[in-house]
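Reviewing the structure listed below.
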Amino acid sequence: MEKNSAEFLQLAAATEPIQRKLRQIAAGDFPVSFLHVIESAQPFLVATIAEHDRRSIWAICPTVRAQELFFESLSNWNSNASFLPEAEFAAVENILPDPEIAAERLALLSQIEKENAAKVVVTTRAALDQPAPRRGTLRTASLEIQRGPNMAMPTLLSALSGAGYERVAQVTARGQFAVRGGIVDIFSWQAALPLRIEFYGDEIESLREFDLDTQTSVRTRERASVLLSAADDSSGRVRDYISQDALVIELEPALEGAASATQSSPELAPPSHIQISESWIENVEAAPEDFSSAFVECDIAEFAIGDFMLAETKRAQFVARLKQWRNEHATVAIYFQTEGEIERFREIISADALADIDLVEGTLSRGFCFPAANLVILSANELLGRFPIHGRRRL
């Protein structure tokens, strides 16, 4: 029976070096450092920590590019994660920033205010110091709507008009609402989709999100939030939304900023703080350099596009490497983007060669090995010589 991603996390967490670090985190003995962890393994390690700690986690990436790659890989190991993008600032006068990014930020910050955000929030160092609504304002500025006799239509319309929403014939942008008989359409500032509310007397009979272009419903809701104000407030900072009991994990902390990366500095993070780096961080740990919890590159050949399909010699080398791992009783998994890729792979590699090898569907740009757990995670992208260039993430 093939293993799943949760079982791989359990294998890693059961090793002595990871258990030791998890005990240190549970005891609040910060800062905790995980060193010699290659970039492709860092999402896996964060997911392992999240699996064994109940607190919310902020994963702080050094760049937007690193954030996008990290979040994409993290989805294989932990589905309860959110992406907090950096704010966009107009580079040219009279050109507005992307409203989708602004809405995504407001939506996630609102969820954090209401303590119903995802377990893991992924953002960047730069985003922490960007302006945001003052902590506490989003909670009080939200109007909670739910099905049932909880709000009359005149009350809702009065609240929208008082908050500066524009009444239009048909909603086309955020900050607008439209009325047709007993139906009210609203596009809230933080919403990904506009909301259609159907009243029957003083009772809300239906709540649905709808497509802006086709005006057709796409999802039924039991409740929703409408942001009445605070959308333009910039008197706070994103870092204000990190609760004092959160685990803040900094990925690849800058060496010149090492002093500010400790619990003695409130500027970087709350007291709970974890560092993950590919290299050794001086002045963080007094103990000798430790490789026991290292995540390393897997020892497989370099494959160009077409090599794996066409070059029988290279394919044979890979099969021999699989056999070696199997003889060493390693747990080996290969991640493929689609089920179709898995079926194609089974056609070109014999069943004997794939015995005890887990073929998993997921998005993983590169693999890694964790020697302490005898765990090998590979990506089909590496085998196929396919390393797609990711554009900036969009909703």
Problem - Candidates 274, 281, filtered to the one that is in a strand (DSSP E or B), of a type outside the set (Asp, Glu) and at pLDDT 60 or above - result: 274
Practice task
Output the number of the condition that residue 45 fails; it satisfies all remaining conditions of (1) over 21 Å from residue 359 (Cα atoms); (2) surrounded by 15 or more Cβ atoms within 10 Å (Cβ to Cβ); (3) of a type outside the set (S, T, N, Q).
Solution key: (1)
Practice task
Run down 135, 125, 139 and say which single residue is of a type in the set (Lys, Arg) and modelled with pLDDT under 90.
Solution key: 139
Handout entry: Yes/no for residue 197 being modelled with pLDDT under 95, touching an Asp or Glu at 6+ places or on another chain (Cβ under 8 Å) and outside the structural domain of residue 98 (by TED's automatic domain parsing)
Key = no
Exercise for the section: Could you list, in sequence order, all residues of region 67-87 that are surrounded by fewer than 19 Cβ atoms within 10 Å (Cβ to Cβ) and farther than 14 Å from residue 121 by Cα? Expected result: 87
Exercise for the section: Give the residues of region 60-76 that are aromatic (Phe, Trp, Tyr) and in contact with a helix residue (DSSP H, G or I) (Cβ under 7 Å, 6 or more places away or on another chain), sorted by residue number. Expected result: 70
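Is it fair to say residue 133 is surrounded by fewer than 18 Cβ atoms within 10 Å (Cβ to Cβ) and either outside the structural domain of residue 56 (by TED's automatic domain parsing) or closer than 30 Å to residue 46 by Cβ (or both)? Lay out the reasoning, then the answer.
On the way: surrounded by fewer than 18 Cβ atoms within 10 Å (Cβ to Cβ): no; either outside the structural domain of residue 56 (by TED's automatic domain parsing) or closer than 30 Å to residue 46 by Cβ (or both): yes.
No: the conditions fail for residue 133.
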Practice task
Output the residue which, of all residues in region 321-352 that are of a type in the set (A, V, I, L, M, F, W, C) and surrounded by fewer than 16 Cβ atoms within 10 Å (Cβ to Cβ), is nearest to residue 379 (Cα to Cα).
Solution key: 348
Exercise for the section: Hey, could you check region 165-207 for residues that are of a type in the set (Lys, Arg) and crowded, with 18+ Cβ neighbours inside 10 Å and say which is nearest to the chain's Cα centre (by Cα)? Expected result: 174
Problem - Residue in region 152-164 that is touching a Phe, Trp or Tyr at 6+ places or on another chain (Cβ under 8 Å), surrounded by 13 or more Cβ atoms within 10 Å (Cβ to Cβ) and over 22 Å from residue 205 (Cα atoms) present - result: no
Exercise for the section: List every residue pair whose Cβ atoms lie under 8 Å apart, where the two residues are 6 or more positions apart in sequence or sit on different chains, the first residue falls within region 67-86 and is over 19 Å from residue 115 (Cα atoms) and in contact (Cβ under 8 Å) with a residue 24 or more places away in the chain, and the second residue, located anywhere, is small (Gly, Ala, Ser) and assigned to a loop (DSSP other than H, G, I, E, B). Expected result: 69/365; 72/365; 73/365; 75/362; 76/362
Completion exercise
Within region 157-179, the count of residues that are closer than 15 Å to residue 189 by Cβ and either outside the structural domain of residue 199 (by TED's automatic domain parsing) or touching a helix residue (DSSP H, G or I) at 6+ places or on another chain (Cβ under 8 Å) (or both) comes to 3
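The values are calculated or read from the model by the stated rules, or taken from the named source; none is laboratory data. Remember, predicted model here, so these are calculated numbers, not experimental data. Cβ sites come from the backbone with ideal geometry, for glycine too, and all protein chains shown count toward neighbours.
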